[in-house]
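In what follows, a single structure is set out as structure tokens and then discussed.
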Amino acid sequence: MFSPRLIARLYSAESVAVLTGAGVSAESGVPTFRGENGVWKKFKSEELANFDAFMRNPELVWEWYRHRKEIIAAIQPNAGHYALADLEKHYRRFSIITQNIDNLHRRAGSKEVYELHGNIERNYCISCRKQFPNQEILSKPGIPRCSDCDGLIRPDVVWFGELLPPDVWDAAAEAAAHADVFFSIGTSAIVYPAASLPIMAKHAGAYLVEINPDPTPITDSADEFIGGKSGEILPQLLQEITRKG
Ligand code: BJW
Ligand code: ZN
């Protein structure tokens, strides 16, 4: 399944970076945003994941996020998350750059995780920036409001038209620029600036590998495309590396 070239690259690599997207959490039971299976049928991310939609209809946006907070609180990392956490131990530098907000990489044990689009376990008041934990949000019905200033509370995630956290972006771009091998896993690679990272890494000399059941806009630029589910492929890759190492 794995080419000798990829195994040789992984065997000699010092620095590995991995961009992950919703597909990595699909086998844990989190629906992806786009594609054939598991798309949010009722809600479209392009329509709801933006500040204007939130101000226009906070009830609807909160309905979506409450539903997702409940799904995410009830699920577990899958074999793909655990394999990535194990792979980290074999490299001097191993960075997970995730677009996911579900915290599953950290829960699986990954240490160096850059969350480009925030984290659904955090919330903050849009007026005074006070932070609110999920338990407080989920324990009361309706639109969550700040206990200090009555401002609207929003999930601490990055919506369309918003800047990614600059320190997280800088760290991710730096990891991509220094990676010997760069993986793009379970992402449709259409949302920017995250989608620019695999190409940045390749231009800087990384061996670019994509793992996805379906091709994406970056597939033609990849040195290798491995077609399939990350929860199945990553444990096999870990086994191969561990056997060689
Ligand atoms: C499996 C699998 C299995 C299934 N195993 N794989 C025109 C050109 C370029 C850029 C723009 C443009 N117009 C606007 C922009 C900018 C915009 C953008 O990129 N838009 C595109 C849609 C065109 N980007 C932004 O606005 C970003 N900010 C920004 O650019 O700031 C500068 C700026 C400031 C002011 C004005 C304009 C610009 C911010 C982007 C924020 C994205 N936020 C979301 C929501 C986060 C919170 C939440 O989750 O609620 O992030 S949207 C949503 O998409 C979410 C995801 O992280 C993101 C990416 O999705 P992902 O992870 O790739 O999932 P899917 O569903 O698309 O794909 C799943 C994949 O898994 C598929 O390929 C499957 O095949 C695969 N799969 N099972 C492995 N078992
Ligand atoms: Zn407040």
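The values are calculated or read from the model by the stated rules, or taken from the named source; none is laboratory data. These figures come from a predicted structure and were not determined experimentally. As a convention, Cβ positions derive from the backbone with ideal geometry for all residues, glycine included, and neighbour counts pool all protein chains shown. Side chains included, ligands, DNA and RNA excluded: accessible areas come from the protein's heavy atoms. Shrake-Rupley method; radii C 1.70, N 1.55, O 1.52, S 1.80 Å.
Would you point out the residue of segment 108-139, among those that are in contact (Cβ under 8 Å) with a residue 24 or more places away in the chain and among the hydroxyl-bearing types (Ser, Thr, Tyr), that is nearest to Thr187 (Cα to Cα)? Selected residue: Tyr114. Note on segment 163-184: residues that are outside any helix (DSSP H, G or I), closer than 26 Å to Ala8 by Cβ and open to solvent by 10 Å² or more (accessible area, probe 1.4 Å) total 2.
Within segment 3-39, being surrounded by 16 or more Cβ atoms within 10 Å (Cβ to Cβ), over 21 Å from Ser110 (Cα atoms) and at pLDDT 95 or above holds for Leu6, Arg9. Restricted to helices (runs of 4 or more DSSP H) entirely inside segment 48-161, those with at least 2 residues that are open to solvent by 60 Å² or more (accessible area, probe 1.4 Å), more than 24 Å from Glu14 (Cβ to Cβ) and more than 16 Å from ligand 2 (Cβ to nearest atom) are 51-56, 58-74, 134-139. Find the residue count for segment 65-107, including only residues that are free of Cβ contacts under 8 Å to residues at least 24 places away in the same chain and under 14 Å from the mean Cα position of the chain (by Cα). Residues in segment 65-107 being free of Cβ contacts under 8 Å to residues at least 24 places away in the same chain and under 14 Å from the mean Cα position of the chain (by Cα): 1 in total. Among residues of segment 190-213 being assigned to a helix (DSSP H, G or I) and farther than 15 Å from Ser95 by Cβ, the one that is nearest to ligand 1 (Cβ to nearest atom) is Ala195. Might you check whether a residue that is touching a residue at least 40 places away in the same chain (Cβ under 8 Å), within 15 Å of ligand 1 (Cβ to nearest atom) and farther than 23 Å from Asn50 by Cβ occurs anywhere in segment 154-167? No; the residues of segment 154-167 include none that is touching a residue at least 40 places away in the same chain (Cβ under 8 Å), within 15 Å of ligand 1 (Cβ to nearest atom) and farther than 23 Å from Asn50 by Cβ. Screening the candidates Thr242, Thr187, Thr216 for the property of being more than 15 Å from the chain's Cα centre (by Cα), open to solvent by less than 80 Å² (accessible area, probe 1.4 Å) and either without any contact (Cβ under 8 Å) to a residue 12 or more places away in the chain or near ligand 1 (Cβ under 7 Å from one of its atoms) (or both) yields one hit, Thr216.
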